[in-house]
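Notes for the one structure printed next.
Computed from the coordinates by the stated procedures, all read-outs in this text should not be read as laboratory data. Everything numeric here is computed off the predicted structure, so don't read it as measured data. Every residue, glycine as well, gets a Cβ built from its backbone with ideal geometry; the counts of neighbours run over all protein chains shown.
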Amino acid sequence: MLDSFYERAMKVYTEGKNRIELHKARTQFFEWAGQFDESSHDFEVKMSLFTDWYLLDRPYSDGSAPIFKMNSEDMQLPDNEQGLISSLQECKHSVFEFLKTKKDKLYIKDLFDGQKYLISDFTILSAFTKEQFFEARVIEFDEKLLFTGSFCFHPPQASKYILKEVKALKKRTKKESEEVIQNERKQLINKLFRMKFKTDQYKHIKIEDIYCDNSKVKV
């Protein structure tokens, strides 16, 4: 359902007045993740990440809310999808640790707050390895917890650095408001995302020299 929903959403939110926003968004995303097109080996991975970010996270150029929070009424949805946009708006966007699988279910843990989730109806369980950290979005829809389908898998060599950064963030924001905490988390998630794709662009540089406080590449 999400694949067809996103396809329709991108048609609505990349036309007319949104063409300029799309161009600006692509330029920014390319700076983070590198250029890609349909012939790229990682095209589908990056396209999924871009779609989630463009619709759910990226504010308009004038600083207003992301597209789904501003213009969700533009989508003409069938009855069985009416609750989907609100579910996406309230999704849990975080860095998770893969714990285990059981039949067709996936057990994961949010690195920031330690909350555990049981993801249902997930079909590519083989993509996950034990104690692996990855960026994803979890939504609740039709009484199930599901992934939106966009993932950023961090290399095992980065785990130590990621845990250090999460621990520092928790300490730094211990007495802050929820708004500040969420903003800090989002900034860290985005920084780790940029680091991941720098490892693809600069394969001659050790991963540990990219995932560090004094990264050898601009992130």
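Estimated from helical segments only, the mean residue ellipticity of the chain at 222 nm is -12500 deg cm²/dmol, where each DSSP H run of four or more residues counts as -39500 (n - 2.57). Across region 46-52, computed HN-Hα scalar couplings (Karplus, 6.51 cos²θ - 1.76 cosθ + 1.60, θ = phi - 60°) run 5, 5, 5, 5, 5, 4, 4 Hz from first to last residue, x flagging Gly and Pro. Distance from the alpha carbon centroid of region 163-200 to that of region 8-24 works out to 29 angstrom. Applying 1/(1 + (r/R0)^6) with R0 = 45 Å to the Cβ-Cβ distance of SER39 and TYR107 gives a FRET efficiency near 0.80. Shown for PHE68, PHE43: other C-beta atoms within 10 Å of each C-beta, ranked fewest to most, produce the order PHE43, PHE68. Neighbour counts of C-beta atoms inside 10 Å place ARG19, ARG185 in the sequence ARG19, ARG185, starting with the fewest. With K and R counted +1 and D and E -1, the other residues having a Cβ less than 15 Å from that of VAL217 yield a net charge of +3.
In terms of surrounding Cβ atoms within a 10 Å radius of their Cβ, LEU163, LEU88, LEU188 rank from fewest to most as LEU163, LEU188, LEU88.
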